[in-house]
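The values are calculated or read from the model by the stated rules, or taken from the named source; none is laboratory data. Because the structure is predicted, anything quoted here is derived from the model rather than measured. Backbone-built Cβ (ideal geometry, glycine too); neighbour counts: all protein chains shown.
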Amino acid sequence: MNKKIKTGIMIIVCAIILFIAKDFFNQKFDSVETLQAYMKDFGIAAPLVLTLFQAIQVVIPVLPGYLGCAAGAVAFGSMSGFWCNYIGISAGSIIAYFLARKYGKNLVLSLFPENQYRKWSGRVEKSKSYGLFLFVATLLPLFPDDFLCYFSGLMKMNSRKFIWIIILGKPWCILAYSIAFGLI
């Protein structure tokens, strides 16, 4: 990909991120209902907006991931909502990993409390198999998945291994959320 195309893509992605972040900070969506209403304003592009929202909420962790999962399942149904959520969350997880690899500990500490970093660093140092731990953590709800994606980048975990853990581990919890919220 040539440099002009990469620059153009980066400008578009940054503009979308700023647009959604501006609306978030202006409190346009602070519940499942307000997020759904926000997405519906995009018409046919609404699934893309949800997918981008989910990627952004991993990269810039200010919202809980279940908010997008709930909105997607209710707005688009369990399966369509699942795919938007899964693709977005997985893409955001992979982006977070590579951001941490490129920008290091200072970036992670600017996004997460230092005590959280120290707590997980201590646990990982004692772990014999971080890859297995990460896989199990992605399967279960309530783990700090966003942080662990960034943390994995700091650990210099093999990128191919990380991506496979995300691809194989992420869908199960997201699918459970999508089915549960789709029943509402």
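Inside the range 117-134, can you point out the residues that are in a loop (DSSP other than H, G, I, E, B) and surrounded by 14 or more Cβ atoms within 10 Å (Cβ to Cβ)?
none
If you go through the range 155-171, how many residues are modelled with pLDDT of 90 or more, surrounded by 14 or more Cβ atoms within 10 Å (Cβ to Cβ) and among the hydrophobic types (A, V, I, L, M, F, W, C)?
So the answer is 5.
Name the pairs: first residue in the range 68-81 and surrounded by fewer than 20 Cβ atoms within 10 Å (Cβ to Cβ), second residue of a type in the set (Val, Ile, Thr) and assigned to a helix (DSSP H, G or I), Cβ to Cβ under 8 Å, at least 6 apart or on different chains?
Hits for this filter: Val74/Val32; Ser78/Ile179.
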